[in-house]
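Here the structure is laid out as structure tokens; the discussion comes afterwards.
The values are calculated or read from the model by the stated rules, or taken from the named source; none is laboratory data. Computed from a prediction, not measured in an experiment: that's the story for all the values here. We place every Cβ from the backbone using ideal geometry, glycine too, and count neighbours over all the protein chains shown. Each accessible area value is taken on the protein alone, full model and side chains, heavy atoms only, with ligands, DNA and RNA left out. Shrake-Rupley method; radii C 1.70, N 1.55, O 1.52, S 1.80 Å.
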Protein chains: 2
Amino acid sequence: MTRETHSHDHGRAPAGLTKNQSLVFGALSRAEGPLSAYTILDQLRDDGFRAPLQVYRALDKLVETGMVHRLESLNAFVACSHPGCDSHETIAFAICETCGKVAEISDEPLEERIRELAGKDGFSVKRAVVELRGLCAACSQA
Amino acid sequence: MTRETHSHDHGRAPAGLTKNQSLVFGALSRAEGPLSAYTILDQLRDDGFRAPLQVYRALDKLVETGMVHRLESLNAFVACSHPGCDSHETIAFAICETCGKVAEISDEPLEERIRELAGKDGFSVKRAVVELRGLCAACSQA
DNA sequence: CACAACATTGTAACTATATTACATTTTGGA
DNA sequence: TCCAAAATGTAATATAGTTACAATGTTGTG
């Protein structure tokens, strides 16, 4: 079976994740690109998932801890691509509209410029959504 | 009646807009902040709107011409705030999570930095989604 | 005018995305 | 053990967007 955890372990693979969180994170990690909540649901039917809420609850937690990012312009989710998932400093995403792959971008000057712009208007930024839609290097030369 | 156009004019108020486009643009212009497609639909029931598609079709065109912007992180739409709607150079939106108002931001250095970042990866940007979520000046001092 | 070509509109059904409400089970500590 | 909190299960519903097809209106041309 494909089940990732079982027996007395009662399902919590990586760092303090519950069973459902592990399953959802696993699905996103196996994927090449972003997945919608409902695609994840379909992939986890065999693991006992039946309802959207099971996915959304796990996603909420994973997004909260930074292990997963939500792509607003796609209504989809990706596993954070930072190896140990320790520094989730991502500020932007480059989303290829041909192959679907997503690159994470961290850039201090960009953050700085955003803070500056906001500050000028007295706007206090809680979260910045920066998503670049276009073609990745591989796809644009094809 | 509130109808904006009638008689032999056959409905095309501002610049080459069709009747439905005018109605949708009117609804967005009257609003203080962004509206969802379904909210627009509800507001236009009295003008004969019955189905979502009537709204989405008009929105498609309005967004295409830049008179209306789509806010990806909100699944909603706003009328462009540039007076004559001639230069739609907006690159970013500042969305207040308290009062719901949206400010448009144009900033050449920001655009430049984004182009630079993308170029470094060989990524070719077709569209940049930049939405700042937070508190506007008025709401943050309250 | 007549007619063809095209754009716009109307309507229904459907797919996709996300949340609310409530019941049950699991887990960890006093 | 027993309780409280966290996690899970399930159903129903709300919200967002699309597909398919029919009808109507508009415009240019012979």
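Side notes on the structure shown:
- The percentage of C-alpha pairs in region A:25-87 whose separation is greater than 17 Å is 34%.
- Region B:7-79, relative contact order [Cα under 8 Å, separation at least 6], %: 32 percent
- Think of the protein assembly as shown as a dipole: +1 on every Lys or Arg Cβ, -1 on every Asp or Glu Cβ, centred on the Cα centre; then among B:16, A:43, B:114, A:43 lies furthest on the positive end.
- For residue A:16, inter-copy separations between label points set 7 Å beyond Cα along the Cβ vector come to 5.8 nm, shortest first.
- Carbon + sulfur, % of accessible area of region B:92-135 - ligands and nucleic acids excluded, 1.4 Å: 49 percent
- Chain B: most fluctuating residue of B:26, B:66, B:122 per GNM, C-alpha cutoff 10 Å: B:122
- With label points set 7 Å from Cα along Cα→Cβ, the inter-copy distances at residue B:33 are 3.2 nm, sorted shortest first.
- Using C-alpha pairs under 8 Å with a sequence gap of at least 6, the mean separation divided by the residue count of chain B gives a relative contact order of 18 percent.
- Inter-site label distance for residue B:56 and residue B:125 at 7 Å from Cα along Cβ, in nm: 2.9 nm
- Mean partner shielding of peptide A:103-114, defined as the number of other chain Cβ atoms within 10 Å of each residue Cβ, is 4.
- For region A:88-137 versus region B:89-135, the spacing of their alpha-carbon centroids is 8 Å.
- Stokes-Einstein D in µm²/s, Kirkwood radius over Cα pairs - the protein assembly as shown at 4 °C with 1.567 mPa s viscosity: 61 µm²/s
- Per residue value of the accessible surface for region B:92-135 (all protein chains in place, 1.4 Å probe), Å²: 45 Å²
- When A:38, B:56 are compared by accessible area at a 1.4 angstrom probe, the order from most to least is A:38, B:56.
- Separation in nanometres of the label points that stand 7 Å from Cα toward Cβ, at residue A:45 and residue B:63: 3.1 nm
- Per-peptide packing, taken as the mean over residues of other Cβ atoms within 10 Å, places A:93-102, B:110-119 in the sequence A:93-102, B:110-119 from highest down.
- Around the amide H of residue B:68, modelled in the peptide plane, lie the amide H atoms of B:63, B:80, all under 5 Å away and 5 or more residues distant in sequence or on another chain.
- Percent of alpha-carbon pairs separated by more than 22 Å within chain A: 46 percent
- Inter-copy label distances at residue B:100 (7 Å, Cα→Cβ; nm, one decimal): 3.6
- Tally of Lys pairs whose C-alpha atoms are under 20 Å apart, taken over the protein assembly as shown, 8 or more apart or cross-chain: 8
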